[in-house]
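Chemist: This is the structure I have questions about; it appears just below.
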Amino acid sequence: PVPRWKPLRHAYEKEIVLYAHFKGLDYFSTECGYSPQAYRGHARNLLKDLEATRSSTVAALGHSGRRLAVGGEVATKKLRGC
C-alpha cells in the first residue's frame with residue numbers, strides 16, 4: 001500500500017471550506033444523488049448531536065479509529081458514480 005498524507009484530517013468540514021474559499025481554491029460542494037437514502041445520514045446526525053454535547057467527540061473518534069485494524073478478508077463494495 002502507498003502511504004497517504006492527509007494534512008486536513010483533523011480539520012472540520014467548515015474550516016476546510018473556509019480555507020478553500022480564502023485561498024481561492026475550487027471545491028466540490030454538490031450533494032450526491034444517493035445521499036438522501038444513505039444510512040450515513042443517520043450516523044452524521046448522531047455525530048452532530050454528540051458534538052453538540054461534547055465538542056471533542058468527532059476528534060476523539062478519529063483518534064481511536066486509527067488504532068483499529070481492518071482484516072484483509074473484509075469485503076468492500078464498489079462505489080457507483082454520482
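Chemist: I need a count of the residues in the range 31-59 that are closer than 26 Å to ARG80 by Cα and either in contact with a Gly (Cβ under 6 Å, 6 or more places away or on another chain) or in contact (Cβ under 8 Å) with a residue 12 or more places away in the chain (or both).
Modeler: Within the range 31-59, residues that are closer than 26 Å to ARG80 by Cα and either in contact with a Gly (Cβ under 6 Å, 6 or more places away or on another chain) or in contact (Cβ under 8 Å) with a residue 12 or more places away in the chain (or both) number 4.
Chemist: Still on this structure, please answer the following. Suppose we filter GLY65, GLY33, GLY41 for residues that are more than 14 Å from the chain's Cα centre (by Cα) and open to solvent by less than 100 Å² (accessible area, probe 1.4 Å); which single one remains?
Modeler: Within the list GLY65, GLY33, GLY41, the selection yields GLY33.
Chemist: If you take the residues in the range 24-43 that are outside any helix (DSSP H, G or I) and closer than 25 Å to HIS63 by Cα, which one is modelled with the lowest pLDDT?
Modeler: That would be ALA38.
Chemist: Another question, if that's okay. I'd like the residue in the range 9-22 that is surrounded by 11 or more Cβ atoms within 10 Å (Cβ to Cβ) and free of Cβ contacts under 8 Å to residues at least 40 places away in the same chain and, out of all such residues, is farthest from ALA59 (Cα to Cα).
Modeler: Selected residue: ALA20.
Chemist: Next up: On the given criteria, is TYR27 touching a helix residue (DSSP H, G or I) at 6+ places or on another chain (Cβ under 6 Å), without any contact (Cβ under 8 Å) to a residue 40 or more places away in the chain and open to solvent by 100 Å² or more (accessible area, probe 1.4 Å)?
Modeler: Taking the combined requirement at face value, the residue satisfies it.
Chemist: Is it true that some residue in the range 3-23 is at pLDDT below 85, hydroxyl-bearing (Ser, Thr, Tyr), assigned to a helix (DSSP H, G or I) and under 14 Å from the mean Cα position of the chain (by Cα)?
Modeler: No, the range 3-23 has no match at all.
Chemist: Now for a separate question. Kindly provide the set of residues from the range 44-56 that are open to solvent by 90 Å² or more (accessible area, probe 1.4 Å) and in a helix (DSSP H, G or I), ordered by number.
Modeler: Those that are open to solvent by 90 Å² or more (accessible area, probe 1.4 Å) and in a helix (DSSP H, G or I): ARG44, LEU46, LYS48, ASP49, THR53.
Chemist: Could you tell me which of the residues TYR12, TYR34 is of a type outside the set (Lys, Arg) and in contact with a Lys or Arg (Cβ under 8 Å, 6 or more places away or on another chain)?
Modeler: Answer to the check: TYR34.
The values are calculated or read from the model by the stated rules, or taken from the named source; none is laboratory data. Since the structure is predicted, the reported quantities are computational estimates derived from the model, not experimental observations. Note that we place each Cβ from the backbone using ideal geometry, even for glycine, and neighbour counts take in every protein chain shown. Surface areas here come from the heavy atoms of the whole protein model, side chains and all, with no ligands, DNA or RNA. Shrake-Rupley method; radii C 1.70, N 1.55, O 1.52, S 1.80 Å.
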